[in-house]
Amino acid sequence: MRRAPLVALTLLLCAASARGAFPAPARSQSAMAATASPYATEAALAVLDDGGNAVDAAVAAALVISVVNPFDAGIGGGGFAVVHLAGRNGKAPLTRALDFRERAPAAATRGMYLGPDGSVVAGLSLDGHMSVAVPGTVAGLAELHKNHGRMPWRLVVKPAIDLARNGFAVGDEWVGSFAWRKDVLTRFAATRAAFMKRDAAGLEVPYQKGEVLKQRELARTLQDIARNPRSFYEGRVASAIVEEMKAGGGLVSAADLRGYLPVWRDPLCAPWRDLELCTMPPPSSGGVALFEILRLLDGVDLRGLGWHHPDAIHRLIESMRVAYADRAEHLGDPAFTVVPVAELTSSGYAAQRRAGIDERRATKSSEVKAATAAQLAALKAESPDTSHLSVVDGERNAVSLTFTVNYGFGSGVVVPGTGVLLNDEMDDFAAAPGVPNAFGLVGGDANSVQPGKVPLSSMTPLIATKGGKLFLTAGSPGGSTIITTVLQTLLHVVDYDMDCQAAVAAPRLHHQWLPESTRLEALGFDTATKGALELRGHSFTVTPGWGNAMCIRALDDGTLEGGADPRGEGVARGQ
Ligand code: GLY
């Protein structure tokens, strides 16, 4: 989830968009990192300099994000990584996907967020101990490193330890996020101790931009992790988490932590244009929805129509509407529900649904239903606050990693003595059928709360290859908007010939079936285009910018090109 953007940034975007020009992308002949923080990009590049590969660098960057951007993602949360191994010494290239998403505690129950009258209790899945799911980040990063890293683990953790111990200067994003989530953050003594300072009168007050935040307890936790990553799940940190859960009424137990293991999954890969796209399968909805939208757009000449032509926008919105209707009904943790991945992403299904799209008129979302059981059965034969980072090394190995604590600063609960901020990923479940979560997403049975189940995600770390060689990595935070942000980044590069910087900077739109209206970035669309679409029945909600996309592309001449979303404070830089 993005915090209130800066007015200056909006003006920059508008001016750039009006001239059709954006700042130049980063360029390098050797390696590139694009992350949501200059500290994380620097750490990734330092690891690459020291002989680490893309996996070492991505793990180091993710740990640094956990220290400097705890409002987005951290070791108290979870995520997904898609890894592309370029193939050396006669080995074929390989793309793998690691699921280190949080899981519901064993004591979770379907009605845990309902009050005595059966209605959802506001805030229970979002703020405080009851919102916490079993964290996966530490196990996931360790698993990535164990399988594909080259540098000693302790050296990969070191940049994060140094930043936690020595401190870093907080920026606008930190200050804005803290102000936004102040009510929950000030509820807990350990959270205040971790994220507030004392003024001259001894009162706890928020940090201001440029002030240095040191997190000594987090540094100690990271040192434990540097010695043994399992210490998070079975050692001092695990005991502290369990004690805090008991004290605050949370459900995560010692057995939940002990039993946590990340899962290697087959990435969801399919050809598109002259590329092979690979991203996350369920329990992310990202891959399924991305492919479903791309299939629905098959045959639409986006390039010929031109960027932001009303006909192109119309088709985009209508395709997003269908895919998010299916997401609400059919997507969930595949260990608990049958997810019709092949059917929803098939050309046959897309053809059926395309036939229902009226070229001249916006469909009402109430008229757009998810795929029926009969449709899915007939198709059977034919055959998704967060942080994204991308790293590409000199051998063209690539990591596309999106991880999160969910809403800004997660649950707001810092575990005493550890500096660990816990997620509120339980809000990504459907607390009750049809009741929207913090991102306005609705769901049903497929994404109901069940013990041990993974809450449905929208995270869409993407790697595209061409002829087996890396072409592009992209991803973004933004809850429900992640999928459409990654989609538009891809379309901007492939169909609209934008470089990676322009692709992540260009104004975006978002439709998610419900609500009915399409989100547009302020001043991102000219009034004539908007008016033409309103005549077809579209309605728009103009909002501040969202997402924080990162993109790295490998050009045919061997140059790496990187872009970091100007809506955030991230940096793309080459070695
Ligand atoms: N918590 C946002 C997502 O996983 O989609």
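Scanning for something open to solvent by 10 Å² or more (accessible area, probe 1.4 Å) and closer than 23 Å to residue 385 by Cα, does region 489-501 turn up at least one residue?
Yes, region 489-501 has at least one match.
Return the only residue of 235, 259, 250 being over 24 Å from the mean Cα position of the chain (by Cα), of a type outside the set (Phe, Trp, Tyr) and modelled with pLDDT under 95.
235
For region 205-228, indicate whether the set of residues that are closer than 19 Å to residue 134 by Cα and outside any helix (DSSP H, G or I) is non-empty.
Looking for residues that are closer than 19 Å to residue 134 by Cα and outside any helix (DSSP H, G or I), one finds at least one in region 205-228, hence yes.
If you go through region 336-393 one residue at a time, how many are at pLDDT 90 or above, out of contact with any Leu (no Cβ under 7 Å at 6 or more places or on another chain), part of a loop (DSSP other than H, G, I, E, B) and not charged (D, E, K, R)?
Number of matching residues: 9.
State whether one or more residues within region 102-112 are more than 30 Å from residue 437 (Cα to Cα) and either open to solvent by less than 10 Å² (accessible area, probe 1.4 Å) or at pLDDT 95 or above (or both).
No, the conditions are met nowhere in region 102-112.
Considering only residues of region 394-431 that are assigned to a strand (DSSP E or B) and aliphatic (A, V, I, L, M), which is farthest from the chain's Cα centre (by Cα)? Give the derivation first.
Step one: list which residues in region 394-431 are assigned to a strand (DSSP E or B), which gives 398-404, 414-415, 420-421, 430.
Imposing the further condition that a residue be aliphatic (A, V, I, L, M) reduces the set to 398-399, 401, 414-415, 420-421, 430.
On the way: 398: 17, 399: 14, 401: 8, 414: 22, 415: 24, 420: 20, 421: 18, 430: 18 Å.
So the residue we want is 415.
Of all the residues that make up region 294-325, how many are in a helix (DSSP H, G or I) and away from the ligand (no atom under 16 Å from the Cβ)? Write out each step before concluding.
Initial filter on region 294-325 (in a helix (DSSP H, G or I)): 294-296, 302-305, 310-325.
Still in the running and away from the ligand (no atom under 16 Å from the Cβ): 294-296, 302-305, 310-319, 321-322, 325.
Counting residues in region 294-325 that are in a helix (DSSP H, G or I) and away from the ligand (no atom under 16 Å from the Cβ) gives 20.
Can you find, within region 390-429, the residue that is most open to solvent (accessible area, probe 1.4 Å) among those that are away from the ligand (no atom under 13 Å from the Cβ) and among the small types (Gly, Ala, Ser)?
394
The values are calculated or read from the model by the stated rules, or taken from the named source; none is laboratory data. Every value quoted in this text rests on a predicted model; they were computed, and no experiment measured them. Positions of Cβ are backbone-derived with ideal geometry, glycine not excepted, and every protein chain shown enters the neighbour counts. Surface accessibility is based on the protein's heavy atoms, side chains included, excluding ligands, DNA and RNA. Shrake-Rupley method; radii C 1.70, N 1.55, O 1.52, S 1.80 Å.
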